[in-house]
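The values are calculated or read from the model by the stated rules, or taken from the named source; none is laboratory data. None of the values given here were measured: they were computed from a predicted structure. Here the Cβ positions follow ideal geometry from the backbone for every residue, glycine too, while neighbour counts run over all protein chains shown. Remember, those area values only see protein heavy atoms, side chains included, never the ligands or the DNA or RNA. Shrake-Rupley method; radii C 1.70, N 1.55, O 1.52, S 1.80 Å.
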Amino acid sequence: MKLHISLFLTLLLTAFANIAGAQSTVSPYSIFGPGEIQDGGFGTNKGMGGAGIALESGNYLNSLNPASYAGMDSLKIIAEFGVEGRSYGLKNNSESTSGFNGNLAYLALGFRYTPWMAGSIGVVPFSTTGYSIDKVRYVEGLNSQYLTTYEGEGGISRFYFSNAVRLFKKLSVGANVSYMFGSLIQEENIIATSIVPEIMIERKDYLHSMYFDFGLQYKFSTNKTEYLFGLTYAFEQHLDSKHTVSAYDNSYTLIQTDSENTDYLVIPEIIGAGLGVKASRYTFALDYKFQAWKGLVYPTQDQAFKNSHKFTLGAELKPWEFSAMNKFYQNWTYRCGVNFEASYLQFGTTRIMDRNITMGVGIPLYGGLSKLNLSITGGINGTTNNSLIQENYLKFNLGFCFNEIAFLKRVID
């Protein structure tokens, strides 16, 4: 298998177009903040429930921690490509709906630039928005009601360039420099009554901003077992955007439009910590991620945010030694993971929780280093308590990880 840079660049441009316009959620809770923030990681991490802050990139890329790329082999180029599908069901106390959507999930390339530095470039989703909400409102000063429908779409994507160095044999540090781009679009449709005219208000944010985050990893070994520790950090950052508000009448004729350059879209301070244990036949990882949403204010929303907490436990097992003589399933890698997240949203005394379980496999290609990664995640987000909405979902991930020996010099006798 030959991986050509020109082909990768073509795919990268395609990924820009597809990931930037992708909508991978229908959750009504994506109306808040910058949308539903997406889980990181590629095929291997996704099969482990998204765990891996402490794990090094070896025969795959681990985008959960930029320091991980210091573990890459100096002779390889590694490419990751993935797609995702989501089957969902939404319900409250009186009605329900269901559906399916899918999109390109990520595209990345990693290799060692110098004997002491390695890294990765790629494009991945950061957040996504997709909702349709009906809300009954009262005319100010009167007892008359009218119906407003809110519909949203879009998302924020991240084109990143990562660098990592190994300072000592046991310690690695890394940083991501990212360009955030995309659009968040909301349509507010006011249904006409005898008192209220029909009107549509469209709000758009066009993102174009830099974003930075950092990581470190430390490892030590006893006998044939490695013990790993990882940290990630991103400070609070404001994203630059062009904010446009347009009003239309019932014939979709523009009544008024206003636009301004603003930075009201805020990504909170994010801290991640991970532990890992790795041996020849198994890997275990435990992650914790904290997001400091409390106190952040979005001028277009009146929702008070809470600090979010997320715990992830993942495992990877190789029950049999790899061999060309094995039955096909004996050369597979088996993965699983569990997730629990207390999100940054709370309505009254009800906190929005997301809980899920993941099962996955890695199927070897091209002699075992390259892999086809498959995983399925089943989860519940939200609740029907206090007239809220619950989403039951299944996420399907299909990822390709290609390893190419690219830096060997030909020896001529």
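Every residue, every condition in (1) farther than 30 Å from ASP73 by Cβ; (2) of a type in the set (D, E, K, R); (3) at pLDDT 90 or above, yes or no:
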residue: VAL338; (1), (2), (3): yes, no, yes
residue: ASN356; (1), (2), (3): yes, no, yes
residue: VAL361; (1), (2), (3): no, no, yes
residue: TYR366; (1), (2), (3): no, no, no
residue: ASN373; (1), (2), (3): no, no, yes
residue: ASN386; (1), (2), (3): yes, no, no
residue: GLU391; (1), (2), (3): yes, yes, yes
residue: LEU408; (1), (2), (3): no, no, no
Segment 233-258 - residue that is under 30 Å from TYR288 (Cβ atoms) and hydrophobic (A, V, I, L, M, F, W, C) and, of those, surrounded by the fewest Cβ atoms within 10 Å (Cβ to Cβ): PHE235
Within segment 372-404, how many residues are more than 25 Å from VAL124 (Cβ to Cβ) and aromatic (Phe, Trp, Tyr)? 0
If LEU104 meets every condition in (1) modelled with pLDDT under 85; (2) in a loop (DSSP other than H, G, I, E, B) apart from one, which number is that one? (2)
Looking at segment 105-117, which of its residues are among the aliphatic types (A, V, I, L, M) and open to solvent by less than 30 Å² (accessible area, probe 1.4 Å)? ALA105, LEU107, ALA108, LEU109
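Being acidic (Asp, Glu), in a strand (DSSP E or B) and more than 13 Å from ASP205 (Cα to Cα) is the filter here, so list the residues in segment 218-258 that pass it.
Scanning segment 218-258 gives a single hit, GLU226.
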So, GLU95, is that one open to solvent by 40 Å² or more (accessible area, probe 1.4 Å), over 30 Å from ALA70 (Cβ atoms), charged (D, E, K, R) and free of Cβ contacts under 8 Å to residues at least 24 places away in the same chain or not? yes
Which residue pairs have Cβ atoms under 9 Å apart, sit 6 or more places apart or on different chains, and have a first residue in segment 253-270 that is within 10 Å of GLN237 (Cβ to Cβ) and a second that is surrounded by 15 or more Cβ atoms within 10 Å (Cβ to Cβ) and among the basic types (Lys, Arg)? ILE270/LYS289
Pairs only if they're at least six apart or on different chains, beta carbon under 9 angstrom, first in segment 281-306 and more than 17 Å from GLU236 (Cβ to Cβ), second among the aromatic types (Phe, Trp, Tyr); list them, first residue then second. ARG281/TRP320; LEU286/PHE311; ASP287/PHE311; TYR288/PHE311; THR300/TYR264; GLN301/PHE32; GLN303/PHE32; GLN303/PHE347
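Output the number of residues of segment 128-165 satisfying the condition of being modelled with pLDDT of 90 or more and either in contact with a Gly (Cβ under 8 Å, 6 or more places away or on another chain) or loosely packed, with under 15 Cβ neighbours inside 10 Å (or both).
Counting residues in segment 128-165 that are modelled with pLDDT of 90 or more and either in contact with a Gly (Cβ under 8 Å, 6 or more places away or on another chain) or loosely packed, with under 15 Cβ neighbours inside 10 Å (or both) gives 9.
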Among what's in segment 259-306 and is part of a loop (DSSP other than H, G, I, E, B), of a type in the set (Gly, Ala, Ser) and open to solvent by less than 40 Å² (accessible area, probe 1.4 Å), pick the residue that is modelled with the highest pLDDT. ALA292
Enumeration of residues in segment 307-334 that are assigned to a loop (DSSP other than H, G, I, E, B) and within 18 Å of MET359 (Cα to Cα): LYS318, PRO319, TRP332
Taking segment 232-252 as the search range and keeping residues that are touching a residue at least 40 places away in the same chain (Cβ under 8 Å) and farther than 25 Å from SER157 by Cβ, which one is nearest to the chain's Cα centre (by Cα)? ALA247
Does segment 205-213 contain at least one residue that is open to solvent by 30 Å² or more (accessible area, probe 1.4 Å) and under 26 Å from GLY49 (Cα atoms)? yes
Within segment 214-228, can you find the residues that are open to solvent by less than 80 Å² (accessible area, probe 1.4 Å) and of a type outside the set (A, V, I, L, M)? GLY215, GLN217, LYS219, SER221, THR222, THR225, GLU226
Among the residues listed as GLY40, GLY58, GLY21, GLY33, the single one being of a type outside the set (Val, Ile, Thr) and either modelled with pLDDT of 90 or more or open to solvent by less than 20 Å² (accessible area, probe 1.4 Å) (or both): GLY33
Candidate set: segment 72-92, residues that are under 21 Å from GLY40 (Cα atoms) and of a type in the set (Ser, Thr, Tyr); chosen: the one surrounded by the fewest Cβ atoms within 10 Å (Cβ to Cβ): SER87
